[in-house]
1. Taking SER141 and the conditions (1) free of Cβ contacts under 8 Å to residues at least 40 places away in the same chain; (2) assigned to a helix (DSSP H, G or I), which numbered condition does it fall short on, given that it satisfies the others?
2. Considering only residues of segment 197-216 that are in contact with a Lys or Arg (Cβ under 7 Å, 6 or more places away or on another chain) and part of a helix (DSSP H, G or I), which is surrounded by the most Cβ atoms within 10 Å (Cβ to Cβ)?
3. In segment 169-178, what residues are surrounded by fewer than 23 Cβ atoms within 10 Å (Cβ to Cβ) and closer than 26 Å to MET326 by Cα?
4. Is there a residue in segment 82-89 that is modelled with pLDDT of 95 or more, farther than 21 Å from LEU147 by Cα and of a type outside the set (S, T, N, Q)?
5. What pairs can you find where one residue is in segment 79-97 and in contact (Cβ under 8 Å) with a residue 12 or more places away in the chain and within 12 Å of SER36 (Cβ to Cβ), the other is surrounded by 14 or more Cβ atoms within 10 Å (Cβ to Cβ) and polar (S, T, N, Q), and their Cβ atoms are less than 6 Å apart, with a gap of 6+ or different chains?
6. I'm told THR186 meets every condition in (1) closer than 26 Å to GLN224 by Cα; (2) in contact (Cβ under 8 Å) with a residue 12 or more places away in the chain; (3) surrounded by fewer than 20 Cβ atoms within 10 Å (Cβ to Cβ); (4) not charged (D, E, K, R) except one. Can you identify the failing condition by its number?
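The values are calculated or read from the model by the stated rules, or taken from the named source; none is laboratory data. Values in this document were obtained by computation on a predicted structure and should not be read as measured data. Here Cβ is always computed from backbone atoms with ideal geometry, including for glycine, and neighbour counts include all displayed protein chains.
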Amino acid sequence: MAGIFLLFPGCEKKEPSGPGTDPVDQPDWIIGADLSLVTKLQNAGALYRDFQGNNVYVLPFFREKGFNYIRIRLFVDPDLQSTACQDLDYVKNLSLKARNEGFKILLDYHYSDTWADPGKQYKPAAWTDLNADQLAQKVYSYTKETLLALVKAEAAPDMIQIGNEITNGMLWDSARADVWSGQWNTPGRWSYFCRILSQASRACRETCPNAWVMIHTDRGGDRQTALKFHNQLDIHNVDYDIIGLSYYPFWHGPLSNLRSCLEGLQMNFPDKKVNLVEVAFPNNPWGIPDNAGYTPEYAASPQGQKKFMEDFIDTLKEFPNVNGFMYWYPEETYIPAGNILTLHRGVFDIQTGNALPVMDVFNR
């Protein structure tokens, strides 16, 4: 009897055209925005205006300015009243709106009920008591089930990020690993962490075989750590397509640090594309965090923000394996009832809602 293949809309099987199972219609240069909070901000009355102060529809406005990708984070069982409110329904609805405006979608799995980053990778509460085998299976089944739900809704992602800033592993302490720490830098630690990643990647390949798979760390300014981390993934044969990096100059240093890191990745992992999947720069001195480790040579002002992004994009274009970037939290803007998350790093004025000069830089 001939085999029967069931294909879901948005994930039709095509012949691969590059590493892994690359889609044939990915943009050559990604100009992305992490707009995960835009729905919550709009529901709170956020105002979005162009340079002249005219009201605009925010998603079409980003598209008009050259953006072709939207990144949306997903939490397992989040507090819907918090800023980490993106559950599956939220992601599904925003993905459909973005898709209708012509955007590609990057789905950002946090594998947590709340924010996951190098300083915290908390397990979802419902997964706390799972043993090692059960946890690995849960990562696989959860990833596959959520992707199937998005496929069914015709909101399938074009790229999938399996973990958020996982420089120090994920699902602490079960899958915790660290290239520098004696306690967490052991063969057993790396073997289990990579097993978790491989289970997530397998679910992505089975469900959305044409989506790129990204692995994301925060080390855009740290060449040594980035190389050591991805070398471990190679040793353990983790299947992925894109190296994702965060780069914030106030934490990660000058553009020369970024350049050194990209040179090392291009030399040592020539088969991998690299995306600066998180970048932002303050438009106001209040946007420099208290724990900043470096004072950027650009002014924390609208003009300084613009100049930084010009030089940042020029730096990326020096490297053929870099395929673009995604600005983090550009949707921050004026909310008459009060700001929900104020970081002073967005691309709209939080006093007026008017677009800032940097909006004309992204599509250089």
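1. (1)
2. Among them, the one singled out is ALA203.
3. Across segment 169-178, the qualifying residue is only ASP178.
4. No, segment 82-89 has no match at all.
5. From segment 79-97, the pairs are ALA84/THR114; GLN86/SER36; LEU94/THR39.
6. THR186 satisfies all of (1) closer than 26 Å to GLN224 by Cα; (2) in contact (Cβ under 8 Å) with a residue 12 or more places away in the chain; (3) surrounded by fewer than 20 Cβ atoms within 10 Å (Cβ to Cβ); (4) not charged (D, E, K, R) except (2).
This table checks each residue for (1) under 23 Å from TRP212 (Cα atoms); (2) surrounded by fewer than 20 Cβ atoms within 10 Å (Cβ to Cβ); (3) touching a helix residue (DSSP H, G or I) at 6+ places or on another chain (Cβ under 9 Å).
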{"position": "ASN100", "(1), (2), (3)": "yes, yes, yes"}
{"position": "HIS110", "(1), (2), (3)": "yes, no, no"}
{"position": "ASP113", "(1), (2), (3)": "no, no, yes"}
{"position": "ASP117", "(1), (2), (3)": "yes, yes, no"}
{"position": "ASP129", "(1), (2), (3)": "no, yes, no"}
{"position": "ASP133", "(1), (2), (3)": "no, yes, no"}
{"position": "GLN137", "(1), (2), (3)": "yes, yes, yes"}
{"position": "LEU147", "(1), (2), (3)": "yes, no, yes"}
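Residue by residue, here is whether (1) surrounded by fewer than 20 Cβ atoms within 10 Å (Cβ to Cβ); (2) in a loop (DSSP other than H, G, I, E, B); (3) of a type in the set (A, V, I, L, M, F, W, C) holds:
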position: PHE281; (1), (2), (3): no, yes, yes
position: TRP286; (1), (2), (3): yes, no, yes
position: GLY293; (1), (2), (3): yes, yes, no
position: GLU310; (1), (2), (3): yes, no, no
position: GLU318; (1), (2), (3): yes, yes, no
position: PHE325; (1), (2), (3): no, no, yes
position: GLU332; (1), (2), (3): no, yes, no
position: ALA337; (1), (2), (3): yes, yes, yes
position: ARG345; (1), (2), (3): no, yes, no
